[in-house]
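For reference, the structure is listed below as structure tokens.
The values are calculated or read from the model by the stated rules, or taken from the named source; none is laboratory data. Owing to the predicted nature of the structure, the values given are computational and were not obtained by experimental measurement. Every residue, glycine as well, gets a Cβ built from its backbone with ideal geometry; the counts of neighbours run over all protein chains shown. Heads up: the accessible areas ignore ligands, DNA and RNA and are worked out on the full protein's heavy atoms, side chains in. Shrake-Rupley method; radii C 1.70, N 1.55, O 1.52, S 1.80 Å.
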Amino acid sequence: MTVWIEGATGKAGRRVVDALTAAGVPVRAASRHPGEAPDSVTPVRFDWYDETTWAASVGGAEAVFLKGLDSDDNAATIITRFLEAAPAVQRVVLMSAAGVEQAPDHAARRAVELAVQNSGKRWTILRPNWFLQNFNEDEWVFARALRETNELYAGSGKSRISFTDTQDLADAAVTVLTEAGHDGHAYTITGPESLTFGEVAKVLAKTSSRPIRHVDATPAEHRKHFEKSGRPTAWVDHMLDLFKMVRAGVSAPITNDFEQLTGKPSRTLAAYAEETWRPTNQR
Ligand SMILES: NC(=O)c1ccc[n+]([C@@H]2O[C@H](COP(=O)([O-])OP(=O)(O)OC[C@H]3O[C@@H](n4cnc5c(N)ncnc54)[C@H](OP(=O)(O)O)[C@@H]3O)[C@@H](O)[C@H]2O)c1
């Protein structure tokens, strides 16, 4: 079985590529800018907004890992068209997000889940919670403010999130792609603890020996902060919606789906921080 991976250069997709490769599964790694890769990985050009790239990119892959199109209201339509144009693909693993199942059917990300479920393909949905790696790898969500001003900028109050390590998401993806019994199932992949941003800031500060603190922005301040990125308004709106969900408590629950899938405990903030925020480990 060859697996085609969308978002193969991203925080999650990159680790899915590595984890599948380590498990001996041939991979086609899709990106708008495919680069060098080891022998077992075929880098392929793919752009959701250039349909002429789709068929050649997927090639003969029997399974796909999709992360979908964030902050695009037409995502479900585009993904339906994409799956219709890939008759050789039998198996779809969709990376959605924790809590999406609670959204109304017409909400963009829930509509994507439904599009995959109604595609006629065998499907599994993985719903990770907020990634720990956003703190050092997502420039505009948290990483830049943390690096430049030691601010963990998040309008979250005392709400909690059971953050997911992207490595756990990748390990869960390998399990559902390589083992039988996961068709028609959705799994919510969370970390083992539900934390406020204030608690996260304390751990990052202690591990990095830097004066990192949580800045609890109002929605208006948060909008201005995200607008500095120069990203489209749809992305800014999407981020503010996500924080609204956090404040409503949607991101707090902890599940044991990861442990049940892989037999391993999920990774902690402390483990992530040790690996990434120790002064000797920071790049
Ligand atoms: N971040 C979180 O905390 C979090 C938590 C739960 C769920 N999720 C879900 O995870 C997804 C984001 O994954 P991520 O954080 O791993 O991504 P990411 O690090 O933001 O990377 C984005 C990826 O998308 C690719 N991409 C962007 N525009 C594209 C286009 N037009 N056509 C094809 N590929 C395109 C990029 O590839 P190139 O630039 O190389 O083309 C890159 O690989 C979202 O759907 C979100 O709902 C995220």
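Points to keep in mind about this one:
- Sole exception among (1) of a type outside the set (D, E, K, R); (2) under 24 Å from ASP165 (Cβ atoms); (3) out of contact with any Lys or Arg (no Cβ under 9 Å at 6 or more places or on another chain) for VAL41, by number: (3)
- In segment 110-126, the residues that are basic (Lys, Arg) reach residues that are in a loop (DSSP other than H, G, I, E, B) and open to solvent by 10 Å² or more (accessible area, probe 1.4 Å) with C-beta atoms within less than 7 angstrom, at least six apart or across chains, in these pairs: ARG110/ALA103; ARG110/PRO104; LYS121/GLN90; ARG122/GLN90; ARG122/ASP183.
- From the options SER119, SER156, residue that is more than 19 Å from ALA270 (Cβ to Cβ), part of a loop (DSSP other than H, G, I, E, B) and open to solvent by 10 Å² or more (accessible area, probe 1.4 Å): SER119
- Scanning segment 53-82 for residues that are aliphatic (A, V, I, L, M), surrounded by 19 or more Cβ atoms within 10 Å (Cβ to Cβ) and touching a Leu at 6+ places or on another chain (Cβ under 9 Å) yields ALA63, VAL64, LEU66, ALA76, ILE79.
- Filtering segment 15-47 to residues that are surrounded by 19 or more Cβ atoms within 10 Å (Cβ to Cβ) and near the ligand (Cβ under 8 Å from one of its atoms) leaves ALA30, SER31, PHE46.
- When segment 131-158 is filtered for residues that are more than 11 Å from the ligand (Cβ to nearest atom), modelled with pLDDT of 95 or more, out of contact with any Ser or Thr (no Cβ under 7 Å at 6 or more places or on another chain) and not hydrophobic (A, V, I, L, M, F, W, C), the ones remaining, listed by number, are ARG144, ARG147, GLU148, THR149, ASN150, GLU151, TYR153.
- For segment 93-108, the condition holds for at least one residue, the condition being that it is touching a Gly at 6+ places or on another chain (Cβ under 7 Å) and open to solvent by less than 10 Å² (accessible area, probe 1.4 Å).
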